[in-house]
Amino acid sequence: MRARVRAPRNEWGRRGVTATEVTPELLRRLLPLQEADGEIDALRREIQAVQAGEPWREAEGRREEWARRSEALARRRQALERERRQAELERRAAEDDARRLAARLEGGALRSAREYESVERELAAARRRAGDAETAELVAMEELDAVGREAESVGRELARAEEALRRDREAAFGRLAELEARLSAAEGRRARAAAGLPAELLAAYQEARRAGRGLGVAELHRSRCRACGLELPAAFAERIRRGRLVRCENCQRILVPAEPSGDPAAQADPT
Ligand SMILES: [Zn+2]
C-alpha cells in the first residue's frame, strides 16, 4: 500500500512497516541502495548529456564560426571576381574603341580639321576609359590576392576546428560505452541492495528520495543527523531501535543507525 496515510510528522511505521520488519540492519541496507541510486542518477545525467551533444558543443561552435568566416570570404571572392571580369570587359571594349578611332585618324579618310579633332577627343576618352578600367581590374586582382590568402588561413583554422570537433565527439562516444557499462554495473548493485527489502520500506525510501532531490537516507550517529548535522532528541535513536521509520526533523531524511546496534565500536566512536 503506497497510500499516503498521514503519519506523525517524523515517523512512519505504525502502518505498513512493522517493528519486526524494520530492524536497524534492514535500515542500514538503505545506504548502499542510496549510493547505487545516486550513481545511477549521475550516470544517466552524463549519458543524456553525451546524447544531447554537450561534450562537443563548444568545439561545434568554434567550427561553425570558422565555417561562417570561410563562407563570407568565398562570397567576397565571387563578388571581386565579378568586378574584375566586368572591368576587364570594359577595358577590352575601350581598347577596341581606341584601336578603331586611331585607325580612323591614320586612315586619311577624315575630311575636315573639325572632324579630326572630334575623333581625337573620342580617342582620348576611349584611352581614359581603358586606363580607368585597367586600374579597377588591378585593384580587384590585388583584393582577390588578399582575400585568397585570408581564405587559406581561415581554411586551415576550419580544418583544425573540424578535427577538434571530430576528436571531441569520438572521445564522448568512447566514454558513452564506458558510462553504459558503469550504469549496468550500478543497476546490478542497486538490484542486489534492494533484494529482500520490505516493499513498504522501499516505498518510504523512494518517497523520501523524491522529496530530498535524490537523497532520502541519512545516518544517525549517536543522536546527530549526519546529513544536516542536527542534534536530535535521544528518543529518535530509541524509536529507530524499536523498528520505526524516523525522519530527521530538519532535512526530512529517513534516519538509519550509523552502526548496527550493539556494536561496541560504534558506541566507542568519539565523532
Ligand atoms: Zn538531517
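Nothing in this text is a laboratory measurement; each read-out follows from the coordinates by a stated rule. Since the structure is predicted, the reported quantities are computational estimates derived from the model, not experimental observations. Using ideal geometry, Cβ is built from the backbone for each residue, glycine included, and neighbour counts are taken over all protein chains shown.
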Of ARG104, ARG68, ARG28, which is the most mobile in a GNM of the chain whose springs link Cα atoms less than 10 angstrom apart? ARG104
Restricting to the chain, compute how many DSSP beta bridges are antiparallel as a %, nearest 5. 60
If you fit an axis through the alpha-carbon atoms of helix 30-51 and take the longest principal axis of the Cα set of the chain, what angle between them do you get, 0 to 90°, nearest 10? 10
Compute the distance in nm between two label points, each set 7 Å from the Cα along the Cα-to-Cβ direction, one at ALA177 and one at ASP96. 6.7
Which residues' amide hydrogens lie under 5 Å from the amide hydrogen of GLY243, considering only partners 5 or more residues apart or on another chain, with H built in the peptide plane? none
Normalising by the residue count of the stretch 54-186, find the relative contact order in percent from Cα pairs under 8 Å and 6+ residues apart. 45
Which residues qualify? For GLU219, with a placed amide H closer than 5 Å and at least 5 residues away or on another chain, they are ARG226, ALA227, VAL256
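Please give the calculated 222 nm ellipticity per residue for the chain, where each DSSP H segment of at least 4 residues contributes -39500 (n - 2.57) and the sum is spread over every residue; nearest 500 deg cm²/dmol? All intermediate terms of the calculation are to be shown ahead of the outcome.
Values: 7 runs with 185 residues, N = 271.
Calculated from helices alone, the mean residue ellipticity at 222 nm is -24500 deg cm²/dmol.
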For the stretch 100-112, just list the computed ³J(HN,Hα) in residue order, Karplus coefficients 6.51, -1.76 and 1.60, θ = phi - 60°, integers in Hz, with x standing in for Gly and Pro. 4, 5, 4, 5, 4, 4, 7, x, x, 8, 6, 8, 10
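Can you compute the charge dipole magnitude of the stretch 54-186 about its Cα centre, using +1 on each Lys and Arg Cβ and -1 on each Asp and Glu Cβ, nothing else charged? Give it in debye, rounded to the nearest 20.
Working: 30 positive and 33 negative charges, 45 e Å.
Around 220 debye, computed over the stretch 54-186.
So if each residue of separation counts as 0.36 nm, and I subtract the Cα-Cα distance between GLU25 and ALA195, what length gain in nm does that give? Kindly include the intermediate steps, with their values, before the conclusion.
Working: separation 170, 0.36 × 170 = 61.20 nm, distance 1.37 nm.
Answer, rounded to one decimal: 59.8 nm.
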Compute, for the chain, the length of the dipole vector about the Cα centre, with Cβ point charges of +1 (Lys, Arg) and -1 (Asp, Glu) only. Units Debye, rounded to 20. 1760
Cα centroids of the stretch 95-159 and the stretch 194-235: how far apart, whole angstrom? 89
Under a Gaussian network model of the chain whose springs join Cα atoms within less than 10 Å, the largest fluctuation of ARG190, ARG149, ARG224 belongs to ARG149
Taking the Cβ of each residue in PHE236, PHE173 as the centre, tally the other Cβ atoms inside 10 Å and list the residues starting with the fewest. PHE173, PHE236
Using a 10 angstrom cutoff on alpha carbons, build the Gaussian network for the chain and name the most mobile of SER184, SER70, SER118. SER118
